[in-house]
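The values are calculated or read from the model by the stated rules, or taken from the named source; none is laboratory data. For clarity, every value in this text was computed on a predicted model and none was experimentally measured. Methodologically, a virtual Cβ is constructed for each residue, glycine included, from the backbone with ideal geometry; neighbour enumeration extends over all protein chains shown. Ligands, DNA and RNA are excluded from the accessible area calculation, which covers all protein heavy atoms including side chains. Shrake-Rupley method; radii C 1.70, N 1.55, O 1.52, S 1.80 Å.
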Amino acid sequence: TKAAEQGMVQAQYNLGVMSSEGVGVLQDYKESVKWYRLAAEQGLPAAQNNLGVMYYNGQGVVQDYKEAFKWYRKSAEQGYTDAQYNSGLMYAKGQGVLQDYVIACMYWNIVEVTGNTTVIKNGVLERKMISSQLENARKGRSFLEKKMTPSQIEKAQDLAREWMQKHQ
């Protein structure tokens, strides 16, 4: 707790996880949101994604899809695969953002490529995406593509390639 109070981002994130899951402390979503927010505001992608999850589910905060999307997007832009999946889902459903199948598929195309890799950032090993999430991205993309024109599908693929080139 002391390290988190002194602003150590990983300690803040860890306390957020512990509070959210009730590990070593009583489960307290409001406390979890507090710690996730502190870490998220320092730019930690995992904390940004988890804060988005809290807003999406209304855990410890009033449910707010726009706020959830804001945090997912910040994390997704840093290459955090879970947040890319979540951003795609929000675009697909039109939750917190205008519905856009092309952008949803763009995110899910990125997830399929980057979700299979393990990345080391700032000396920290980032886990591979859970295979069920990869499968959900594939299924979601396949479902949406049935509602899209060939040019929309091509546009989503082009946007995904551009994103990956820009963020490598």
Tyr80 being over 18 Å from Tyr36 (Cβ atoms) and either buried (at least 21 other Cβ atoms within 10 Å of the Cβ) or among the hydroxyl-bearing types (Ser, Thr, Tyr) (or both)
no
Could you check, for region 32-42, whether at least one of its residues is under 24 Å from His167 (Cα atoms), modelled with pLDDT of 95 or more, in a helix (DSSP H, G or I) and touching a helix residue (DSSP H, G or I) at 6+ places or on another chain (Cβ under 7 Å)?
yes
Could we say that Gln27 is in contact with a Phe, Trp or Tyr (Cβ under 9 Å, 6 or more places away or on another chain), over 24 Å from Ser131 (Cβ atoms) and polar (S, T, N, Q) here?
no
Please work out if Ser75 is surrounded by 15 or more Cβ atoms within 10 Å (Cβ to Cβ) and within 21 Å of Gly115 (Cβ to Cβ).
yes
Being assigned to a loop (DSSP other than H, G, I, E, B) and open to solvent by 70 Å² or more (accessible area, probe 1.4 Å) is the filter here; which residues of region 145-166 pass it?
Lys146, Lys147
Determine whether region 24-45 contains at least one residue that is within 29 Å of Glu154 (Cα to Cα), open to solvent by less than 40 Å² (accessible area, probe 1.4 Å) and among the polar types (S, T, N, Q).
no
Of all residues in region 1-31, count the ones that are assigned to a loop (DSSP other than H, G, I, E, B), modelled with pLDDT of 90 or more and of a type in the set (Ser, Thr, Tyr).
0
Of the conditions (1) under 27 Å from Asn136 (Cα atoms); (2) part of a helix (DSSP H, G or I), Gln59 fails just one. Which one is it?
(2)
